Structures are given as C-alpha cells and as structure tokens.
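Chemist: To start, I am sharing the structure in question, which I have written as structure tokens.
FYI, it's all coordinate maths here, none of it is from the lab. Keep in mind it's a predicted model, so treat the numbers as computed, not measured. Neighbour counts run over all protein chains shown; Cβ positions are idealised from the backbone, glycine included.
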Amino acid sequence: MSVQCFYPSDYQSLKPSFEGIREIFARDDHSIHKARNELKIIELDGIKTVVKSFKIPHFLNRIVYTHFRKSKAYKSYHNALRLKELEISTPKPMALIEFFDSGFLGESFFVSEYFEYDFTIRTPLLEPLEDREAIFKAFAAYTYDLHQKGVWHLDYSPGNILIKRTKEGYQFSIVDINRMEFRPISALEGCENFNKLWAMDDEIEIMGREYARLSGFNVAVTIAEMKKHNDANKKIKNFKKRLKNLLKGNFSALS
C-alpha cells in the first residue's frame with residue numbers, strides 16, 4: 001500500500017494527518033452525507049475541515065483512474081485551486097490524498113476547510129423567505145460571473161450552492177466540483193446551467209431577467225430558454241423516478 005499526498009505549502013504541518021486520513025476518517029462519526037461517497041466534518045490540528053471520501057472504483061475503473069484518467073479526488077482538488085485563481089468562492093482546498101494497492105488506485109480523499117454558510121439555494125426555492133427575490137437576483141449575477149470566467153459546473157444543483165448572508169448581501173460558494181469544465185460560455189448556453197434547480201416559473205423569471213440584464217441578451221429569449229431546460233430536466237427526472245418505481249414493483253412481484 002502506498003499513498004500520494006498533494007497540498008499547499010501552508011499545510012505542511014498537517015502531512016502526518018493527511019497520510020493517516022484513512023484511519024482518522026474511519027474512526028470519526030461526524031458524517032454529513034453518505035451515498036456513493038461520504039463527507040465528514042473532521043477537525044485536523046484545530047482546523048475544521050470537510051473530508052470527502054470517494055468510493056473505491058470497481059476493478060476496471062481502478063485501472064482507468066490509475067493509468068488513463070484523473071481520479072475524482074484529483075479533479076476536486078485541482079478544480080478548487082483553479083476556482084481560487086479565478087477568485088470564485090469554494091471551500092479552501094487543503095489536500096488530495098490517494099491510496100494505491102498493488103499499483104492501482106484504491107481509496108481517495110479530498111480535504112477542504114469548512115465553509116460557514118447559512119443555507120443552500122434549496123431554502124429559498126422551498127421556503128417563503130422575505131428576501132428570496134433578492135437571493136435569486138444575486139444568484140443569477142453570481143452564475144453570470146461564473147460563466148464570464150469560463151466556469152461550467154456540471155452538478156449545479158441546489159445542494160451544491162452554499163449561501164452566506166453578509167453585510168454586502170450574499171456570498172455564494174460552490175461544492176461537489178469534481179465535474180467541471182473551463183471554457184467560453186455564451187449567454188444562450190448559460191441559460192441551460194439553471195436547469196437542475198427544480199425552480200418554479202416565477203423564480204425562473206426573476207433569475208432570467210437579471211441574467212439577461214447583465215448579459216445584454218434578450219429577456220424573453222433568456223426566460224424561455226431557462227424554462228425550456230428546467231422543464232426538460234423535470235421530465236427526465238420524473239420519468240426515471242416512475243421507471244425506477246415500476247421496476248421495483250416488477251421485482252417485488254417476482255419475489
């Protein structure tokens with residue numbers, strides 16, 4: 001078993017913790033999310049961190065991620081560094097740690113400083129906050145800034161958009177960033193990036209008007225494009241949900 005660690009020089013003192021992250025992660029019980037991958041809030045040398053443990057790939061993908069593609073942990077760490085260079089808020093990257101067994105990638109971890117936030121964009125989408133319109137306008141402006149800087153977040157969904165109230169307004173910060181593209185983005189294409197919000201039409205209109213104002217794109221076209229992509233995503237998700245329920249029903253009947 002071998003380990004590779006990458007971290008900024010200002011975290012040099014944490015090298016022993018990074019190299020022992022598997023054991024530290026295993027004995028910690030502060031899990032905040034557990035699905036394919038797991039996230040835990042862990043204090044390392046007095047620093048509150050979020051440690052993301054990526055599921056061990058199946059054998060074929062272990063070969064792929066070892067020799068042909070970068071791991072998800074690698075992408076998370078380096079995408080975070082790129083976002084920081086672009087002055088886009090994301091939790092401060094601390095380390096990328098990859099463990100290799102018999103020469104193939106096994107467990108991998110991405111460590112970042114914990115970002116103190118008040119809620120995610122899901123809250124104003126579901127709750128009648130007094131300032132929800134201001135939040136949506138600020139979010140549209142934030143998204144426009146991302147696109148102007150050539151950032152396309154492929155998992156731009158409610159749980160991955162953190163919001164902190166500040167004296168100046170709102171600070172947005174993005175997480176789950178292993179799937180990103182860095183390239184030019186037109187105003188028309190940018191409308192598609194709102195599609196995973198599961199927003200209502202009136203919410204789309206608020207965001208659409210602000211995005212159009214900033215981009216100089218036609219307001220009616222902007223809102224229509226956003227609604228089109230939003231509705232298409234809802235249809236796909238609902239279809240998959242119905243199909244999954246149907247398959248579950250069929251398997252139950254066979255058992």
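Chemist: Students often get this wrong, so try it: which of [x] 7, 27, 27, 20, 12, 5, 1, 0; [y] 7, 25, 24, 19, 12, 8, 5, 1, 0; [z] 6, 26, 30, 24, 12, 2 is P(r) over Cα pairs in 10 Å bins from 0, in percent as calculated from the structure shown?
Modeler: [z]
Chemist: Name the residues whose placed amide hydrogens come within less than 5 Å of the amide hydrogen of MET94, ignoring near sequence neighbours (fewer than 5 apart) on the same chain.
Modeler: Long-range HN contacts for MET94: VAL111, SER112, GLU113.
Chemist: Ranking request for peptides 210-222, 8-20, 141-153: highest mean number of other beta-carbon atoms within 10 Å first, then the rest in descending order.
Modeler: Put in order of decreasing packing, that is 141-153, 210-222, 8-20.
Chemist: Which whole-Hz ³J(HN,Hα) couplings does the stretch 182-193 yield from phi under the Karplus relation 6.51 cos²θ - 1.76 cosθ + 1.60, θ = phi - 60°, glycine and proline marked x?
Modeler: With coefficients 6.51, -1.76 and 1.60, one gets 10, 6, x, 10, 7, 4, 5, 5, x, 4, 6, 5 Hz.
Chemist: Any idea what the relative contact order of the chain is, in percent, if you count C-alpha pairs under 8 Å spaced at least 6 apart?
Modeler: For the chain, the relative contact order is 15 percent.
Chemist: Given bins 10 angstrom wide, list per bin the percent of all Cα-Cα distances in the stretch 162-255, short to long.
Modeler: 14, 30, 33, 14, 8, 2
Chemist: Return a whole-number percent for the relative contact order of the stretch 186-255, with Cα pairs under 8 Å and 6 or more residues apart as the contact set. Could you put the intermediate results ahead of the total?
Modeler: On the way: 46 pairs, mean separation 26.3, N = 70.
This gives 38 percent for the stretch 186-255.
Chemist: Over what distance in Å are the Cα centres of the stretch 1-52 and the stretch 201-242 separated?
Modeler: Between the Cα centre of the stretch 1-52 and that of the stretch 201-242, the gap is 38 Å.
Chemist: I've got another one for you. For ASN245 and ALA232, compute 0.36 nm times the residue count separating them, minus their Cα-Cα distance, and round to one decimal in nm.
Modeler: So the chain would gain 2.7 nm between ASN245 and ALA232.
Chemist: Which FRET efficiency value, to the nearest 0.05, do you get for LYS48 and ARG183 by plugging their Cβ-Cβ distance into 1/(1 + (r/R0)^6) with R0 = 41 Å?
Modeler: So, using R0 = 41 Å, E works out to roughly 0.75.
Chemist: Moving on to the next point. Amide H to amide H under 5 Å from GLU43: which residues, 5+ apart in sequence or cross-chain, H placed 1.01 Å off N in plane?
Modeler: The answer is THR49.
Chemist: Oh, and also: Taking 7 Å along the Cα-to-C-beta vector as the label spot, tell me the LYS70-GLU85 distance in nanometres, rounded to one decimal.
Modeler: Calculated label separation equals 1.0 nm.
Chemist: What Rg and what Dmax come out for the stretch 1-120 when only alpha-carbon atoms are used, in angstroms?
Modeler: 14.1, 44
Chemist: May I ask you to evaluate 6.51 cos²θ - 1.76 cosθ + 1.60, the Karplus curve with θ = phi - 60°, for each residue of the stretch 113-128 and list the ³J(HN,Hα) values in order in whole Hz, giving x for glycine and proline?
Modeler: Per-residue couplings from phi come out as 5, 5, 9, 6, 10, 8, 6, 9, 5, 4, 4, x, 6, 10, 10, x Hz.
Chemist: May I ask you to evaluate 6.51 cos²θ - 1.76 cosθ + 1.60, the Karplus curve with θ = phi - 60°, for each residue of the stretch 234-244 and list the ³J(HN,Hα) values in order in whole Hz, giving x for glycine and proline?
Modeler: Karplus values, whole Hz, x for Gly and Pro: 4, 5, 5, 5, 5, 5, 4, 5, 5, 5, 4.
Chemist: Right, next: May I ask for the angle, rounded to the nearest 10°, between helix 72-85 and the longest principal axis of the chain, with both axes built from Cα atoms and the value confined to 0 to 90°?
Modeler: Orientation of helix 72-85: about 60 degrees from the principal axis.
Chemist: Which of the peptides 224-230, 164-170 is most tightly packed, and how do the rest follow, judged by the mean count of other Cβ atoms within 10 Å per residue?
Modeler: Numbers: 224-230: 19.3, 164-170: 10.9.
Ranked by mean Cβ neighbours within 10 Å, highest first: 224-230, 164-170.
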